[in-house]
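Worksheet: one structure, shown below.
The values are calculated or read from the model by the stated rules, or taken from the named source; none is laboratory data. Quantities reported herein were computed from a predicted structural model and do not represent experimental measurements. We place every Cβ from the backbone using ideal geometry, glycine too, and count neighbours over all the protein chains shown. These area figures cover heavy atoms from the full protein model, side chains too; ligands, DNA and RNA do not enter into them. Shrake-Rupley method; radii C 1.70, N 1.55, O 1.52, S 1.80 Å.
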Protein chains: 2
Amino acid sequence: MPRRTSSGRIIHLHIDPESGVPIYQQVYTGIRQRILEGRLPAGGGLPSTRALARDLCVSRSTVIQAYEQLRLEGYAEGRIGAATRVASTLPDYSLRAPAGGFTARRPAAHPGRTSARARELVGLTARSLDVMDEAPRAFRAGVPAVDIFPVDTWGRLMARRWRLVQARSLSYGRPFGFLPLRQALTEYLGSARGVRCDAEQVLIVNGSQQGLDLAAQVLLDPGDQAWLEEPGYNGARGAFAAAGGTSVAVPVDEEGLVVKEGRRLAPQARAAFVTPSRQLPLGMALSLPRRLELLEWAKGSGGWIIEDDYDSEFRYVGRPLAALHGLDTSGCVIYAGTFSKVTFPSVRLGYLVVPSALVDVFAAVRSFADFAPPWLTQAVMTDFMTEGHFERHIRRMRALYKERQEALVSHGRRELAGLLEVQPSDAGMTLLGWLPPGSNDVAAAAAAKELKVDVLPLSSFATRPTRPGLLLGYAGVREREIRDGTSRLAQALDLLRNRRTA
Amino acid sequence: MPRRTSSGRIIHLHIDPESGVPIYQQVYTGIRQRILEGRLPAGGGLPSTRALARDLCVSRSTVIQAYEQLRLEGYAEGRIGAATRVASTLPDYSLRAPAGGFTARRPAAHPGRTSARARELVGLTARSLDVMDEAPRAFRAGVPAVDIFPVDTWGRLMARRWRLVQARSLSYGRPFGFLPLRQALTEYLGSARGVRCDAEQVLIVNGSQQGLDLAAQVLLDPGDQAWLEEPGYNGARGAFAAAGGTSVAVPVDEEGLVVKEGRRLAPQARAAFVTPSRQLPLGMALSLPRRLELLEWAKGSGGWIIEDDYDSEFRYVGRPLAALHGLDTSGCVIYAGTFSKVTFPSVRLGYLVVPSALVDVFAAVRSFADFAPPWLTQAVMTDFMTEGHFERHIRRMRALYKERQEALVSHGRRELAGLLEVQPSDAGMTLLGWLPPGSNDVAAAAAAKELKVDVLPLSSFATRPTRPGLLLGYAGVREREIRDGTSRLAQALDLLRNRRTA
């Protein structure tokens, strides 16, 4: 329906009373769009509110509201009631609306580019994001048995905390996190992991990935080198890349990281990332001589050690090995732990234990990164730990994972013979399976995925060619699904072999 | 009590049955410490388990457990029951224990240094961390009225979600966040802020600070320049510094950012940070001509615009101004919002709306930064929004803040005359007060703090000398405390003036 402006010009406004968008907003949007497109030129008159209201069959107050908004935002000027005009101060260029009008999907027309590190991280996600998908199934790595998590207990603790919540707990909190949780962790890490620290050294983070990211930011300048186990954890590779650092691939052997090789390849590296309790992905522990050698290197070179103790609670033979952190006498170890594996991943809580000398600098970097995890989650985790639920749940998981690993090993021996040699392990939540020499583990993982089995190719952890293998997570998989998953995996690998020999 | 090793050497072990530390662990720790100190040399014998158990008056199984752990960790070798020896493979250096023994507080002896950006951020925190303290009081900025937050409603929604939780919700989720929340935000931002986007462009973060940090990482390479309003927000300054970028101080006038000055100072800046709805800290809106000018600069130069829409919901005259984002036709605006001000800060939720072309790169950077906020908080926020509680709460806060501002203005006029000229504002959660020319606003803030009043000196937002002023937060302060706080502030400023003239 054509509408006349007070200066006689005609404008077209499409009003849809059924759209759910308030009428005043449709009037405002319609006029604004015409102004921006240059169809209503700067300084030109607009219809009187009375005339436009009559033409649109809407109340005059609706039009007044639209004009008021246009005036407030600088599109129009003049008193309401008097002649309202398009603002005369508009710049003399106009932003052309995209072809489909303003409501259409915005085109990716901007010529700006993104940072080099961001582009590097896009390349790295390809190998990592897959395991994060929402529906757990055989043999997704990294996901604990969330089905046995005591949700009722957690819910009860949560309701209790929330019932008594005070205004100060709803405010920002401190960037190092909730003090009682830091105290509970100090006690737990002391007795369970041999980590000796004060609560003030404990920084609560949103998961160990954030811990690695903060550590990289604190320790690395752009261009700095950091040792990474080869094969090793892509999360650490990503954290170093995000900080502008470079990962130096240091080989591992049956004793873990070959420190001597690290010294040869990059003696002046600023940090070394290690998984001493159970190497990710190969599974061996870092031997004592290597631990001492690594500490000696750090002490001598001024390098830092980042210890990722991601699943050390799950050891089925003997007691968990003490953390490397307990051997540190000079304050060079940053220890990273997570609640993702021992409670549930979507709780988004982890922690760092940092040397006393670095407490202030970590607090500063943290406060500009995202501040702190939600108070409620931290408070509930505190109660979960101090009231004994935490250790009870770990014991329960440990017994269950032992059974699940045995199931995977026994089904694997029966069904995967000649296809995949599954290695039992004293610890952890994953097993490594070796493919026949010459196999392509990426192709094997892809074939498995077609039959709805998730496995990680060993080569996805490496920067150089590796013996072909697959990493199988069993912790979060029920026994029945372990059995079925093993069969499907055998089928997939068999199909692949036949395809190759055909 | 002296103990003989099987080779006749004597070792001293101090066992404290009352300490709460398991006995086996005390035996293990004692022997390990002696090995590490070199007092039990490599290859030397250890007492038989039977002899040591008898000497210590503990069960033999306790000693066996300790030896087993030593063996497992590589400190000892030989079969249990046969002669156990200190490992012969230990490196020929020993790590000397610190003076006070291993259990003492670890010294800050490590010679390593931290990154340049980390050191820069330590300098910046001094001006920012103060507002984050836990107990809200007059006139702390940035804290909403948490005392009127509907905690019962939130608790009810939370209990309902948790009662129905499924295993998949306990897992990792996706790095862009919970889809229903992203959909609810798309709708809210469209109607309330004029932001048009698809849910796939919405990234859920842990607060707007994390949003700024991610944006800086995605957009800036080390050394890149970014425009920052002068005076402006230190959170953005910190995010740019963390990414290795440099903030270029671009002046603001009564229309907000002076784009022309930005073009002159740093035409090739990669990003511009703006607070268009209400400039932080001065409070003016970015005028329409300036918005168009800024978009034109971005379009022409390939720069990006980061729009921080931190408290736009609180406008007391007219309707909230539409976001700059709604004028973007080329996809150059990254829009940041937060739930901290409209619900409560410790919920730790915020969001970014990113151009379609940047969705993948933001997802990648995010997945290496910390993954995602807790599922439960996201799910409860979704229900809070879709069931109408959110808008109801905003309306309630808006009415209350208007009253609180009026209280501050009226008490201020009465009590602060000649000391601080408090400016009323059409919007926001803070007011600016001007000190007499020549005053030192840092000294004024310090004086206020002595009387338990928090105010932010205007100069703490600036890199160059500014007209002296104080920023007063009133949103989270009850009227009685506004009155008392105003009196205490007057007292503090009066004392300071007398001290100066004395």
*Determine the dipole magnitude for the protein assembly as shown: charges of +1 sit on the beta-carbon of Lys and Arg, -1 on that of Asp and Glu, nothing else is charged, the reference point is the Cα centre, and the result goes in debye to the nearest 20.*
700 debye
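Arrange the residues A:R196, B:R54 by how much accessible surface each exposes, largest first, with a 1.4 angstrom probe. Could the numbers behind the result be given before it?
Working: A:R196 55, B:R54 160 Å².
From most exposed to least exposed: B:R54, A:R196.
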*Nearest-10 value in Å² for the accessible area of B:V151, using the 1.4 Å probe*: 40 Å²
*asked:* Quick check: with the 1.4 Å probe, what order do A:H411, B:H325 take by accessible area, largest first?
replied: A:H411, B:H325
*Using a 1.4 angstrom probe, figure out how much accessible area chain A has per residue, in square angstrom, rounded to the nearest whole.*
37 Å²
*Counting DSSP beta bridges in the stretch A:223-338, what percent are antiparallel, to the nearest 5?*
10 percent
*What are the radius of gyration and Dmax of chain B, computed over its Cα atoms and given in Å?*
30.3, 91
*Taking 20 Å² as the minimum loss, tell me which residues in the stretch A:257-289 lose that much accessible area going from the chain by itself to the full protein complex (1.4 Å probe).*
A:R270, A:L288, A:P289
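Arrange the residues A:L179, B:L219 by how much accessible surface each exposes, largest first, with a 1.4 angstrom probe.
Details: A:L179 85, B:L219 0 Å².
The ordering from most to least exposed comes out as A:L179, B:L219.
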*asked:* Whole angstrom only: what separates the Cα centroid of the stretch A:373-441 from the Cα centroid of the stretch A:302-370?
replied: 20 Å
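Provide the FRET efficiency to the nearest 0.05 for the A:D152-A:T463 pair, computing r from the beta carbons and using R0 = 35 Å. Please list the in-between numbers first.
Details: r = 45 Å, r/R0 = 1.30.
For A:D152 and A:T463, the calculated efficiency is 0.15.
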_What's the magnitude of the charge dipole for the stretch B:174-248 around its Cα centre, counting Lys and Arg as +1 and Asp and Glu as -1 at the beta-carbon? Answer in Debye, nearest 20._
240 debye
*How much length is gained if the chain between B:R113 and B:R50 is pulled fully straight, taking 0.36 nm per residue apart and subtracting their Cα-Cα distance, in nm to one decimal?*
17.8 nm
*At q = 0.20, 0.22, 0.23, 0.30 Å⁻¹, what base-10 log of I(q)/I(0) does the Debye formula yield for the stretch A:141-205 when every alpha carbon is treated as an equal point scatterer in vacuo?*
-1.06, -1.08, -1.07, -1.08
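Taking R0 as 30 Å, what's the FRET efficiency between A:E391 and A:R163 from their Cβ-Cβ distance, rounded to 0.05? All intermediate terms of the calculation are to be shown ahead of the outcome.
Working: r = 26 Å, r/R0 = 0.85.
Efficiency for this residue pair is about 0.70.
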*Quick one: what Rg and Dmax do you get for the stretch B:326-372 from the alpha carbons, in Å?*
12.8, 35
*asked:* Take A:D426 and A:E450, extend 7 Å from each Cα along the Cα→Cβ direction, and tell me the distance between the two endpoints in nm.
replied: 4.0 nm
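Could you compute how fast the stretch A:311-426 diffuses translationally, taking Rh as the Kirkwood radius over C-alpha pairs and applying Stokes-Einstein at 37 °C with viscosity 0.692 mPa s? Give it in µm² per second. List each step's numbers first, then the result.
Details: Rh = 17.4 Å.
Once the numbers are plugged in, D ends up at 188 µm²/s.
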_What distance in nm separates the two pseudo spin-label positions at A:L179 and B:V21, each 7 Å out from Cα along the beta-carbon direction?_
2.6 nm
*If ligands, DNA and RNA are left out, what is the accessible area of B:L431 with a 1.4 Å probe, given in Å² to the nearest 10?*
0 Å²
*Note the direction-averaged projected area, equal to a quarter of the hull surface, for the Cα convex hull of the stretch A:193-330, in nm².*
8.0 nm²
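Rounded to two decimals, what is the ratio between the C-alpha radius of gyration of the stretch A:209-268 and 2.2 N^0.38 Å?
Details: Rg = 11.4 Å, N = 60, 2.2 N^0.38 = 10.4 Å.
Compared with the compact-globule rule of thumb, the stretch A:209-268 sits at 1.09.
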*What does the convex hull of the Cα atoms come to per residue for the stretch A:276-361, in Å³?*
115 Å³
*Rounded to whole Å, how close does chain B get to the rotation axis onto A by Cβ? Give me the residue too, please?*
B:P222, 2
*In nm, to one decimal, how far is the A:A42 label point from the A:D198 one, both placed 7 Å along Cα→Cβ?*
6.3 nm
*How about the stretch B:346-380: which of its residues lose at least 40 Å² of accessible area in the presence of all protein chains relative to their chain isolated, using a 1.4 Å probe?*
B:S346, B:R348, B:V361, B:A364, B:F368, B:A369, B:D370, B:F371, B:P374
*Taking all protein chains as present, what is the carbon and sulfur share of the accessible area of chain A, in % to the nearest whole number, probe 1.4 Å?*
51 percent
_Computed log₁₀ I(q)/I(0) - Debye formula, equal Cα scatterers, no solvent, the stretch B:344-484, q 0.12 Å⁻¹_ = -0.73
*For A:N440 and A:E403, compute 0.36 nm times the residue count separating them, minus their Cα-Cα distance, and round to one decimal in nm.*
10.3 nm
*asked:* So, taking all protein chains as they sit and a 1.4 Å probe, how much accessible area belongs to A:E421, in Å² rounded to tens?
replied: 100 Å²
*How big is the B-A contact in terms of buried accessible area, both chains counted, 1.4 Å probe, rounded to the nearest 100 Å²?*
11800 Å²
*So what are the three principal axis dimensions of the protein assembly as shown from its Cα atoms, in whole Å, longest to shortest?*
107, 89, 51
_R0 of 56 Å, Cβ-Cβ distance B:S61-B:T501: FRET efficiency to nearest 0.05_ = 0.10
*How far apart are the B:I15 label points across copies, placing each 7 Å from Cα toward Cβ, in nm, shortest first?*
9.1
*Kindly tabulate the residues in the stretch A:192-211 with an accessible-area decrease of at least 10 Å² between the chain alone and the assembly of all protein chains, using a probe of 1.4 Å.*
A:R196, A:D198, A:E200, A:Q201, A:N206, A:Q209, A:Q210
